[in-house]
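Enquirer: Got a structure here, written out as structure tokens. Questions coming.
All of the numbers you see were taken from the coordinates with simple rules; none came from a lab. Values in this document were obtained by computation on a predicted structure and should not be read as measured data. Neighbour counts are summed over all protein chains in view; Cβ atoms, including those assigned to glycine, are modelled from backbone coordinates with ideal geometry.
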Amino acid sequence: MPLLYLLSPAKSLDYGTPVAEDIAAMATRPEFVAPAAELITVLRQKTPAQIATLMSLSDTLAQLNVARYATWSTRFTAHNSKPAALAFNGDVYEGLQAATLGKADLAWAQQHVAILSGLYGVLRPLDRLQPYRLEMGTRLATATAADLYGYWGDTLAEHFNARQARDKAPVVVNLASQEYSRAAKRKVLRARWVDCHFEDWHGGQWKVISFHAKRARGLMARFAIQRRITRPQDLVAFDSEGYAFDKAESAPDRLVFRRRGQG
């Protein structure tokens with residue numbers, strides 16, 4: 001796989017919408033269950049009040065997530081989990097619209113898309129996801145590190161190196177936020193790193209508007225999946241929802257896309 005696309009997860013989750021049987025049959029087990037289980041053990045030791053403080057959550061959300069940690073299991077089934085790309089329900093995933101992708105598209109995405117996660121480390125789109133809340137930037141102390149960046153260390157970068165080990169010119173296309181992409185440890189990665197930026201014309205200037213930029217990252221991932229894009233130069237054709245490549249503002253490893261009228 002000469003090219004990997006990195007995505008952030010989402011805080012919002014959808015476990016109410018059923019998964020089609022043929023897609024559910026494609027679901028896979030996450031690759032870092034053991035490290036995730038260690039984090040769950042740490043989280044289970046905290047009270048709802050401590051979780052609320054640690055994650056800046058309301059009491060209601062803190063209690064919900066304490067309940068999630070209590071029921072989390074190393075057994076991933078169709079009853080306690082859902083494919084990650086279908087379970088995440090934030091702005092990025094509204095752009096991705098994974099539920100409308102076909103089996104062949106999802107199979108390709110499984111090989112070329114990686115979703116970074118504070119709890120799971122990294123997820124493939126069809127990896128089974130049990131509900132949780134643990135952002136990568138959370139300062140959750142463990143026996144080995146002061147926060148999650150330290151906990152995961154070089155693990156994720158080395159994982160990507162292994163996935164791209166057979167490629168002479170591997171590329172990682174970053175569609176994740178800074179909070180999550182930081183965990184990929186660029187200094188450890190063997191791959192070339194390409195960032196995508198999405199800007200809207202707003203208030204007389206070009207701005208990165210969070211909601212639109214997040215959605216655009218999902219749109220770009222969908223664009224790449226449907227067209228089986230394995231060369232970063234082919235991403236410049238991206239034109240979803242009015243975006244267009246701005247060659248003058250771009251560089252080989254920094255692709256800028258802009259649009260007017262949406263900000």
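Enquirer: Any idea which of A169, P131, I23 is furthest toward the positive side of the dipole for the chain, if Lys and Arg beta-carbons carry +1 and Asp and Glu beta-carbons -1?
Expert: Of the candidates, A169 comes out farthest on the positive side.
Enquirer: Once label points are set 7 Å from the Cα along Cα→Cβ at both A99 and V188, what is their separation, rounded to one decimal in nm?
Expert: 3.6
Enquirer: Continuing with the same structure: Between R222, R128, R166, find the one with the highest GNM mean-square fluctuation for the chain; connect C-alpha pairs within less than 10 Å.
Expert: Of R222, R128, R166, the most mobile in the Gaussian network model is R166.
Enquirer: At a 10 Å Cβ-Cβ cut-off, how would you order S117, S240, S73, S81, fewest neighbours first?
Expert: S73, S240, S81, S117
Enquirer: Name the long-range amide H neighbours of H202: under 5 Å, sequence gap of 5 or more, or other chain; modelled H, no Pro or chain starts.
Expert: For H202, whose amide H was placed from the backbone, the distant partners under 5 Å are K207.
Enquirer: Scale the Cα Rg of the stretch 158-234 by the rule-of-thumb value 2.2 N^0.38 Å and send over the ratio, two decimals.
Expert: The stretch 158-234 yields a ratio of 1.26.
Enquirer: Right, here's the next one. Calculate the dipole size of the stretch 3-259 relative to its Cα centre from +1 charges on Lys and Arg beta carbons and -1 charges on Asp and Glu beta carbons; express the result in debye to the nearest 20.
Expert: Dipole about the Cα centre, nearest 20: 460 debye.
Enquirer: Got a sec? How would M55, M136, M26 order by Cβ neighbour count within 10 Å, fewest to most?
Expert: Fewest to most other Cβ atoms nearby, the residues stand as M26, M55, M136.
Enquirer: Along the stretch 189-204, what does the Karplus equation 6.51 cos²θ - 1.76 cosθ + 1.60 (θ = phi - 60°) give for ³J(HN,Hα), rounded to whole Hz, x for Gly and Pro?
Expert: 5, 7, 6, 5, 10, 10, 9, 10, 10, 10, 10, 10, 7, 8, x, x
Enquirer: Let's see if you can work this out: charge +1 on each Lys and Arg Cβ, -1 on each Asp and Glu Cβ, no other charges. What is the dipole magnitude of the stretch 103-177 about its Cα centre, in debye to the nearest 20?
Expert: For the stretch 103-177, the charge dipole is close to 200 debye.
Enquirer: In nm, to one decimal, how far is the R29 label point from the D234 one, both placed 7 Å along Cα→Cβ?
Expert: 3.4
Enquirer: Tabulate in residue order the Karplus-calculated ³J(HN,Hα) for the stretch 135-148, using 6.51 cos²θ - 1.76 cosθ + 1.60 with θ = phi - 60°, rounded to whole Hz; enter x for Gly and Pro.
Expert: Once θ is set to phi - 60°, the couplings for the stretch 135-148 become 6, 4, x, 5, 8, 8, 7, 10, 5, 10, 7, 8, 8, 6 Hz.
Enquirer: Next question. Using modelled amide H (1.01 Å from N, peptide plane; none on Pro or chain starts), what sits under 5 Å from the amide H of L3, excluding residues fewer than 5 places away?
Expert: Under 5 Å from the amide H of L3: V171.
Enquirer: Continuing with this model, one more query. Once you sort the root eigenvalues of the Cα gyration tensor of the stretch 115-263 as a ≥ b ≥ c, which label holds: rounded (a/c under 1.5), prolate (a/b larger than b/c) or oblate (the other case)?
Expert: Note, shape of the stretch 115-263 comes out prolate.
Enquirer: List, in order, the whole-Hz ³J(HN,Hα) value for each residue of the stretch 106-115 obtained from phi through the Karplus relation with A = 6.51, B = -1.76, C = 1.60 and θ = phi - 60°; use x for Gly and Pro.
Expert: Karplus-based 3J(HN,Hα) across the stretch 106-115 equals 5, 5, 5, 4, 4, 8, 10, 10, 10, 9 Hz.
Enquirer: Here's another thing I want to ask about it. Inverting the mean 1/r over all pairs of different Cα atoms, compute the Kirkwood radius of the chain and quote it in Å.
Expert: With all distinct Cα pairs of the chain included, I get 19.1 Å.
Enquirer: Also, quick follow-up: What number, rounded to the nearest 500 deg cm²/dmol, is the helix-based mean residue ellipticity at 222 nm of the chain, given -39500 (n - 2.57) per DSSP H run of at least four residues and division by all its residues?
Expert: -9500 deg cm²/dmol
Enquirer: If we count other beta carbons within 10 Å of each Cβ, what is the order of S210, S177, fewest first?
Expert: Ascending Cβ contact count within 10 Å gives the list S210, S177.
Enquirer: Continuing with the same structure: Can you tell me the 0 to 90 degree angle between the C-alpha axis of helix 210-227 and the longest principal axis of the chain, rounded to 10?
Expert: The angle comes out at about 70 degrees.
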